[in-house]
Amino acid sequence: AMTVWFAGGGANAGHTIGATDELGNEAVDVVHPIRDLHVTLLSLLGLDDKKLTYFHSGRFKQLSQFGGKVIPGILS
C-alpha cells in the first residue's frame, strides 16, 4: 500500500480513495495496480497512453503495455 497526494491538474481535491489494513501493510479497499496510476497520470497530463511509446532494447514499448485503466475517483 502507498499514499499519493494529488493537487491541481484536474485531480479531485480532498478525497480519499481506498483503505489499508490496521497496520497499513496491505490495501484492502479499492485496490489498483501501479499501471492504473500510470494511466491516470498520463490522462491528467492530456496524453493517450496507447500512443505514448519509448524505445528500449531494440523495440518500442508503452508504459501501460499490459493494460491499465483510469482510476475514476482521482479525476474531477
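Any read-out appearing in this document is the output of simple, stated calculations on the displayed coordinates, not a laboratory observation. Just so you know, these numbers come straight off a predicted model, no measurement behind them. For neighbour counting, all protein chains shown are included, and Cβ atoms are generated from backbone atoms with ideal geometry for every residue, glycine included.
Points worth noting:
- Candidate set from the stretch 28-76 (those that are hydrophobic (A, V, I, L, M, F, W, C) and in contact with a Lys or Arg (Cβ under 7 Å, 6 or more places away or on another chain)); member that is farthest from residue 12 (Cα to Cα): 66
- Condition check for residue 10: over 12 Å from the mean Cα position of the chain (by Cα) and under 16 Å from residue 69 (Cβ atoms): no
- For first residues located in the stretch 1-24 and closer than 10 Å to residue 75 by Cα and touching a residue at least 24 places away in the same chain (Cβ under 8 Å), partners that are among the polar types (S, T, N, Q) and surrounded by 10 or more Cβ atoms within 10 Å (Cβ to Cβ) and lie 6+ apart or on another chain with Cβ distances below 6 Å form the pairs 10/76; 12/76.
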